[in-house]
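Chemist: Please see the structure below; I have some questions.
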Amino acid sequence: MRVKPKNTNRFRHEFQLLEQRDRERVFEALKTFAETPVPSNAICLEKNYYRLRTGDIRIIYLL
C-alpha cells in the first residue's frame, strides 16, 4: 500500500527546531513511509496510531 505523507503546521514548526542531524534522520524515516507505512520497528499505540523511533526522536503518526 503506497501512502502520501501529509504534515501539519505543528510538525513543520517542530521539524525546523530540530538540529540538522535529527532533521535528516526524520526526513529519511518519512521517505520510507511512502513504501512501508508500518515499518517493522513501528509500535502500534492505538488503532491507526503508530510510533516510530529514529535516534532520540519519536515520530507519532496516524494512518
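Just so it is clear, none of the values below were taken in a lab; they were calculated from the coordinates. Because the structure is a prediction, the values reported are computed rather than measured. A quick note on method: Cβ atoms are made from the backbone with ideal geometry, for glycine too, and the neighbour counts reach across all protein chains shown.
Chemist: Which loop GluC sites (Glu not before Pro) in the chain, with loop taken from DSSP, have no more than 11 other Cβ atoms within 10 angstrom of their Cβ?
Modeler: Glu19, Glu35
Chemist: If exposed means no more than 11 neighbouring beta carbons inside 10 Å and the site is in a DSSP loop, what's the longest run of the chain without any exposed trypsin sites (Lys or Arg not before Pro)?
Modeler: Of all site-free stretches, the longest is 7-46.
Chemist: May I pose another question? Compute, for the chain, the length of the dipole vector about the Cα centre, with Cβ point charges of +1 (Lys, Arg) and -1 (Asp, Glu) only. Units Debye, rounded to 20.
Modeler: 220 debye
Chemist: What distance in nm separates the simple spin-label points at Thr8 and Asp56, each placed 7 Å from Cα in the Cβ direction?
Modeler: Spacing of the two 7 Å Cα→Cβ label points: 2.4 nm.
Chemist: How far, in degrees from 0 to 90, does helix 20-33 lean away from the longest principal axis of the Cα atoms of the chain, to the nearest 10?
Modeler: 20 degrees
Chemist: At 0.36 nm per residue, and after removing the present C-alpha to C-alpha distance, how many nm does the segment from Thr36 to Gln16 gain when stretched out fully?
Modeler: That works out to 4.7 nm of additional length.
Chemist: Let me know the volume per residue of the alpha-carbon convex hull for the chain, in Å³.
Modeler: 84 Å³
Chemist: For Val38, list long-range residues whose amide hydrogen, built 1.01 Å from N in the peptide plane, is under 5 Å from its own amide hydrogen.
Modeler: Result for Val38 returns nothing.
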